[in-house]
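The values are calculated or read from the model by the stated rules, or taken from the named source; none is laboratory data. Nothing here was measured: the structure is a model prediction, and the numbers come from that model. Please note: Cβ atoms are built from the backbone with ideal geometry, for glycine as well, and neighbour counts cover all protein chains shown. These accessible areas exclude ligands, DNA and RNA; they are computed on the full protein's heavy atoms, side chains included. Shrake-Rupley method; radii C 1.70, N 1.55, O 1.52, S 1.80 Å.
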Amino acid sequence: MNQLTPNLSEEQSNSVTNTDVGSLRWNVFQIQSLLDLPFSDLIHRAQLTHRQYHDANAVQLSTLISVKTGGCPEDCGYCPQAARYHTGVKNQDMLSLDEVVVSAQAAKKNGASRFCMGAAWRGPKQRDIDKMTAMIRAVKSLGLETCATLGMLKPGQAEQLGQAGLDYYNHNLDTAPEFYDEIISTRSYQDRLDTLKSVRDAGINVCCGGIVGMGESRHTRAGLIAQLANLDPYPESVPINNLVQVEGTPLHGTSSIDPFEFVRTIAAARITMPKAVVRLSAGRQEMSEAVQALCFLAGANSIFYGEKLLTTDNPGMARDSALFEKLGLHSM
Ligand code: SAM
Ligand code: DTB
Ligand code: SF4
């Protein structure tokens, strides 16, 4: 068997059609082999997959808002919102429903199709869920898709969010299991998988990806992509973040990832999760237009759109409109 094809029995191989690809399983070595391909060969493969399943020139726009900022009890080594690191992020209590609606209206006017609400929690309490469900209903009624990223969910919470009209829940695996303990100690990999299962069981679309540029090896990046691609089914939305280094966090000062390695990671996500929307996520502010263009070529077809991510800067809309114009891209 070609080492770059998913693990299949002969019988499965014979029955594979293009629409089956989503249910196949990839192992880490097959993904590492993808990442090891000559750059042009990898991009060519990613383009073939991308064009088979997507409009190659369409990019989905999501706008982020931080509905509760800073003071988080977790110890994620990359995160400026963890209370234990001194990063200068100002804690802010939960925004009011009105504040969220005003931001969502602006996001819609500016062309975003999805509004993603993030909170610096280990997980929401019931009173937080009550406020979030009101926000979800209000945002949804504006005709936007809704997404939330609120940390770990307890039994029953995903259902409440889903009943309010939540379209996507973002919860990242962040990295491969073997590297995970170097980055976070306050929640386990299994905790994350459990939350993803609750989201899936509640009928909410899964948005799940990770962060690269945390000092990991190529093999570790293959391990992250394998975890994502082997979720059954794989996530509908896959954010690939390039670490935004924030002073005061343990990962500040890590050697940056080579931009071509970042592009390769996007390509591997595209090839192994053909129908997913792959988001060129955090880190665009520090990225040249040329590298962003390579990411689109490698199959990225979503971005965060707006001046800010949660607490850090993102290219402004004028810059993104100019880039789309130069590349002939249009929003979904
Ligand atoms: N507190 C919730 C949680 O962790 O599940 C939701 C918000 S949290 C900020 C969402 C995701 O943002 C993290 O899982 C991580 O992948 C990403 N993230 C956080 N800080 C980042 C940084 N400095 N650079 C890149 N991605 C980052
Ligand atoms: C995701 O994967 N990336 C976004 C979103 N999901 C919530 C967050 C990026 C955060 C970058 C650091 C900050 O702005 O605080
Ligand atoms: Fe808290 Fe989320 Fe930041 Fe981790 S990533 S410290 S859980 S806000």
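For LEU161, indicate whether it is crowded, with 17+ Cβ neighbours inside 10 Å and within 15 Å of ligand 2 (Cβ to nearest atom). Outline the logic, then answer.
On the way: crowded, with 17+ Cβ neighbours inside 10 Å: yes; within 15 Å of ligand 2 (Cβ to nearest atom): no.
Taking the combined requirement at face value, the residue does not satisfy it.
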| Subset of segment 164-184 that is away from ligand 3 (no atom under 14 Å from the Cβ) and among the aromatic types (Phe, Trp, Tyr) - its residue that is surrounded by the most Cβ atoms within 10 Å (Cβ to Cβ) | TYR168
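Looking at GLY316, GLY299, can you tell me which residue is within 16 Å of ligand 2 (Cβ to nearest atom) and open to solvent by less than 20 Å² (accessible area, probe 1.4 Å)? Give the derivation first.
Numbers: GLY299 fails: within 16 Å of ligand 2 (Cβ to nearest atom).
Within the list GLY316, GLY299, the selection yields GLY316.
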| field | Failed condition for ILE240, given (1) within 12 Å of ligand 2 (Cβ to nearest atom); (2) more than 25 Å from GLU99 (Cα to Cα); (3) open to solvent by 20 Å² or more (accessible area, probe 1.4 Å) | value | (3)
| said: Checking the structure you have, find out if any residue of segment 212-220 is in contact with a Lys or Arg (Cβ under 9 Å, 6 or more places away or on another chain) and closer than 22 Å to ARG114 by Cα. | reply: no
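How do the strands (runs of 3 or more DSSP E) wholly within segment 157-269 filter down when requiring 3 or more residues that are in contact with a strand residue (DSSP E or B) (Cβ under 7 Å, 6 or more places away or on another chain) and within 12 Å of ligand 1 (Cβ to nearest atom): which remain? Talk me through it step by step, then tell me what you get.
Working: elements: 168-170, 205-207, 210-212, 237-242.
In segment 157-269, the matching strands (runs of 3 or more DSSP E) lie at 210-212, 237-242.
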| request: Please work out which residue is least open to solvent (accessible area, probe 1.4 Å), limiting yourself to segment 106-128 and to residues that are under 23 Å from the mean Cα position of the chain (by Cα) and of a type in the set (S, T, N, Q). | output: SER113
